[in-house]
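Following: one structure in structure tokens, then a few remarks.
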Amino acid sequence: MTWADFDPGFTLISLIVVVSAFFVVRAQNMIHAVLWLGLTLLGTAAFYARLNAPFLAGVQVLTYVGGIVTLMIFGVMVTRRHESLEAEAATVAPERGLIFASAIFVMLSVVMWRSAATIPSPAPVASSADLARVLLNEYLIAFEALSLLLLAAIVGAVVLARRRDLETSPQGPVVPQATEVQP
Amino acid sequence: MNEFVRGGLYGGGIIVGIMSSLLFVLWAERKMAARMQSRIGPNIIDPTGFLQAMSDVLKLLQKEDIIPEKADRALFNLAPVFGAAAALAVAAVVPFSASIVGADLDVGVLYLLAVGAVSVLPVFAAGWGSNNKFALLGAMRAIAQSVSYEVPLVLAALVPVMLAGSMKVSDIVAWQASHHWLVVWPFFLGVPAFVLFMLAMLAESNRIPFDIPEAESELVAGITTEYSGMKFGLFYMTEYLHTVIASAVAASLFLGGFDGPGGPGIWWMVIKTFVLVVAIYWLRWSLLRFRSDQLMALCWRWLVPSGVVLVVATALWVVFAA
């Protein structure tokens, strides 16, 4: 590792990711933690973009920042009372945490120490058409299996939501009476 | 490094261009609204009322900047800035002419959708940071709305992507130039997709008839309740930015972009964008606001199913007819 290898873009993104990840864990306010998590995920997307994987970067932002962080915010807001959002930053068992964290630190350090100490040259840019071709030919089975898994998750979520309706209403399932809208 | 300089210069030029077009859009909207309501509109500053927007900005700059005592100061102050930045970021991949484009990404359409999805976070931060019931309710509505309307938006954007076989916005424009504009042929796919895209885009950017996050009859001013001075001005500007840029995106994806009879050029893009902006404001001043549950019913019972049917039909068309 020499100064010639110094990569300001990589360093900047790494700093953003590390600092925001730290605040995800340390933030006292749940909403702040979730918003910091959004920044961490954006930084990860920036890594993907720098490694010539623009499609992955786009999907990362769309699903994680746009979808999951938004859903987490929604979850925090509908499950917690407005006043009790201040959460004790987890100090349940600091000793155990310390042991696990140092074990992971040692493991990662060993791996990094043994690997070649140069930044690998970025992979050639794959267009999204190439990606689609590979995904729907070579990896078709894995792709379809994942789709099935997601479908099962959606069906499961609907079943869980409906069951709660059954339990809470005395006359059986509540059929939501949404007003008809003519588009 | 050269690419960065070029991108910076073009990006700066495009941002300045869009921002200055806002002055004209603001003036046109005020005059149009006045006509539709049988009044005259701004005419005090100068006879045409064109300088009204500039004097409004001057006024907003001088106003006291009030921050509520119990507000979440960081979020409260950052939200308007990030909101405007997210709205402007979409313009990066829009080709305004063959050469005027900030960054012609290979995954352009995906980028637009991703930035659109992120832009709800500043809205939420504003509502949350204000520490005000009405603002928080507005933010909740904005998030529910944005998550729901993301689905028809993606489905509608898939139609031009599938037909052109590329996610690069300039490729989609080129495909339309060598075939037909998407709303012309195949119109049975293009027109519904265009309508779906515009509706979802309006809902994503919280415009009338989908502006329940700031429904002034029930929520005071929604997320902007606690904002004053230029921070409110930024929110106001962001709304107009959304409208202009969403129109430019729709013009590129469905109306042939910078291509048109008599040769391609930036003037086509300007004309098409302005026509769409006028259409949006026409809707704004003639329609009522949806109720929150009606909005969700519209999305999940009508727009999402028709989007799915549209995507399947497009796939069949691409395989068998084109």
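Looking across B:Pro152, B:Pro160, one residue alone is within 16 Å of B:Leu202 (Cβ to Cβ) and in contact (Cβ under 8 Å) with a residue 24 or more places away in the chain. It is B:Pro152. Pairs linking a residue in region B:57-82 that is under 26 Å from B:Leu23 (Cβ atoms) to a residue that is among the basic types (Lys, Arg), with Cβ atoms under 7 Å and 6 or more positions apart or on different chains, are B:Asp65/B:Lys231; B:Pro80/B:Lys231.
Looking at region B:163-174, is at least one residue more than 16 Å from B:Leu105 (Cα to Cα) and either within 12 Å of chain A (Cβ to nearest Cβ) or not in a helix (DSSP H, G or I) (or both)? No: region B:163-174 contains no residue that is more than 16 Å from B:Leu105 (Cα to Cα) and either within 12 Å of chain A (Cβ to nearest Cβ) or not in a helix (DSSP H, G or I) (or both). Exactly one residue among B:Val311, B:Val319 is within 28 Å of B:Phe187 (Cα to Cα) and touching a Leu at 6+ places or on another chain (Cβ under 6 Å), and that residue is B:Val311.
The residue that is nearest to the chain's Cα centre (by Cα), among those in region B:112-145 that are closer than 17 Å to B:Ile245 by Cα and part of a helix (DSSP H, G or I), is B:Gly116. Of the residues making up region A:50-80, those that are more than 9 Å from chain B (Cβ to nearest Cβ) and over 22 Å from A:Asn29 (Cβ atoms) are A:Arg50, A:Leu51, A:Asn52, A:Ala53, A:Leu56.
Residues that are more than 10 Å from chain A (Cβ to nearest Cβ) and surrounded by 24 or more Cβ atoms within 10 Å (Cβ to Cβ) within region B:129-139 comprise B:Ser130, B:Ala135, B:Gly138, listed in sequence order.
If you check B:Ala74, B:Ala79 for being within 21 Å of B:Met201 (Cα to Cα) and not in a loop (DSSP other than H, G, I, E, B), only one passes: B:Ala79.
Suppose the filter is more than 11 Å from chain A (Cβ to nearest Cβ), buried (at least 22 other Cβ atoms within 10 Å of the Cβ), more than 22 Å from B:Ala92 (Cβ to Cβ) and in contact (Cβ under 8 Å) with a residue 12 or more places away in the chain; does B:Ala126 pass it? Yes: the conditions hold for B:Ala126. Of the residues A:Ile119, A:Ile141, A:Ile154, the single one that is modelled with pLDDT under 65 and either β-branched (Val, Ile, Thr) or more than 26 Å from the chain's Cα centre (by Cα) (or both) is A:Ile119. Considering region B:14-69, the residues that are under 19 Å from B:Trp285 (Cβ atoms), modelled with pLDDT under 85 and aliphatic (A, V, I, L, M) include one that is surrounded by the most Cβ atoms within 10 Å (Cβ to Cβ), namely B:Ala53. In region B:175-187, of all residues being in contact (Cβ under 8 Å) with a residue 12 or more places away in the chain and part of a helix (DSSP H, G or I), the one that is surrounded by the most Cβ atoms within 10 Å (Cβ to Cβ) corresponds to B:Gln176.
Is it the case that region B:81-95 has a residue that's more than 13 Å from the chain's Cα centre (by Cα), within 23 Å of B:Leu136 (Cβ to Cβ) and more than 13 Å from chain A (Cβ to nearest Cβ)? Looking for residues that are more than 13 Å from the chain's Cα centre (by Cα), within 23 Å of B:Leu136 (Cβ to Cβ) and more than 13 Å from chain A (Cβ to nearest Cβ), one finds at least one in region B:81-95, hence yes. When region A:74-85 is filtered for residues that are modelled with pLDDT of 60 or more and outside any helix (DSSP H, G or I), only A:Arg80 remains.
For every residue, the table says whether it meets (1) buried (at least 20 other Cβ atoms within 10 Å of the Cβ); (2) of a type outside the set (Gly, Ala, Ser); (3) away from chain A (no Cβ under 14 Å); (4) over 27 Å from B:Leu22 (Cα atoms).
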| site | (1), (2), (3), (4) |
| --- | --- |
| B:Val249 | yes, yes, yes, no |
| B:Pro261 | no, yes, yes, no |
| B:Gly265 | no, no, yes, no |
| B:Val277 | yes, yes, yes, no |
| B:Trp285 | no, yes, yes, no |
| B:Arg291 | no, yes, no, yes |
| B:Met296 | no, yes, no, yes |
| B:Arg301 | no, yes, no, yes |
| B:Thr314 | yes, yes, yes, yes |
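The values are calculated or read from the model by the stated rules, or taken from the named source; none is laboratory data. Every value quoted in this text rests on a predicted model; they were computed, and no experiment measured them. Because the Cβ atoms are built from the backbone with ideal geometry, glycine has one as well, and the counts that use them run over all protein chains shown.
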